[in-house]
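*Asks:* Below you will find the structure I want to go over with you.
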Amino acid sequence: MSHLLTIRRLLITSLMLIPLIACAGSNDKLAFKPLKNGDVIDIGVTQPTAYIFTNEQDWNNFWQKQQNAGPTPSADFSRETFIAVIDTMQPTGGYTININQITQNNGQLEIQGVRTKPGASCMTTMVMTQPYTIVRTGKLDTKGAPLLEVTTQEQNCQ
């Protein structure tokens, strides 16, 4: 009889752990809304970099680094988070950077972006630019720095 109770307890315990194991490696895609794209910002980075804004002071300081920033968009940081991806300096105009997907895996934020560069047939301005994009999403509770992966595609202007 005690042998059957032990097996029963193991079975119940195993069944209770299944949902925990199933969620442990889950990747939750996050909904987001584009807020602003630009190509001139005063932030020196040596590789594409993601920034997460969860408070008003950091958000205001960042917003003012953009050229022609205008007033800082209002935010309710108890309900939302802002994410910016800043590219490196580029030799001409015609470059953009966008966020394609944001996922959260066990609190780790993973951002997938794409840089578009002008093709050989594209006419561009002869001025250095630094593309960036800003999106807004729901309130996030993240662990550590976000992981950012940026792929590059070339625009065909013909």
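*Asks:* Mind listing whichever residues of region 53-69 are touching a residue at least 24 places away in the same chain (Cβ under 8 Å) and touching a strand residue (DSSP E or B) at 6+ places or on another chain (Cβ under 6 Å)?
*Replies:* Passing the criteria: F53, T54, K65, Q66.
*Asks:* Collect the residues in region 63-81 that are at pLDDT 90 or above and not in a loop (DSSP other than H, G, I, E, B), keeping them in residue-number order.
*Replies:* Of everything in region 63-81, those that are at pLDDT 90 or above and not in a loop (DSSP other than H, G, I, E, B) turn out to be E80, T81.
Listed here are the residues, each with its yes/no results for (1) touching a Lys or Arg at 6+ places or on another chain (Cβ under 7 Å); (2) at pLDDT 95 or above; (3) within 25 Å of C157 (Cα to Cα).
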{"site": "Q101", "(1), (2), (3)": "yes, yes, no"}
{"site": "G113", "(1), (2), (3)": "no, yes, yes"}
{"site": "R136", "(1), (2), (3)": "yes, yes, no"}
{"site": "K139", "(1), (2), (3)": "yes, no, no"}
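*Asks:* From the residues in region 110-131 that are surrounded by fewer than 18 Cβ atoms within 10 Å (Cβ to Cβ) and among the hydroxyl-bearing types (S, T, Y), which one is nearest to N37 (Cα to Cα)?
*Replies:* Ranking the candidates gives T116 first.
*Asks:* Can you name the condition, by its number, that R136 falls short on among (1) among the charged types (D, E, K, R); (2) under 17 Å from D28 (Cα atoms); (3) without any contact (Cβ under 8 Å) to a residue 40 or more places away in the chain?
*Replies:* R136 satisfies all of (1) among the charged types (D, E, K, R); (2) under 17 Å from D28 (Cα atoms); (3) without any contact (Cβ under 8 Å) to a residue 40 or more places away in the chain except (3).
The values are calculated or read from the model by the stated rules, or taken from the named source; none is laboratory data. In this text the structure is predicted, and so the values were computed from the model without any measurement. Cβ sites come from the backbone with ideal geometry, for glycine too, and all protein chains shown count toward neighbours.
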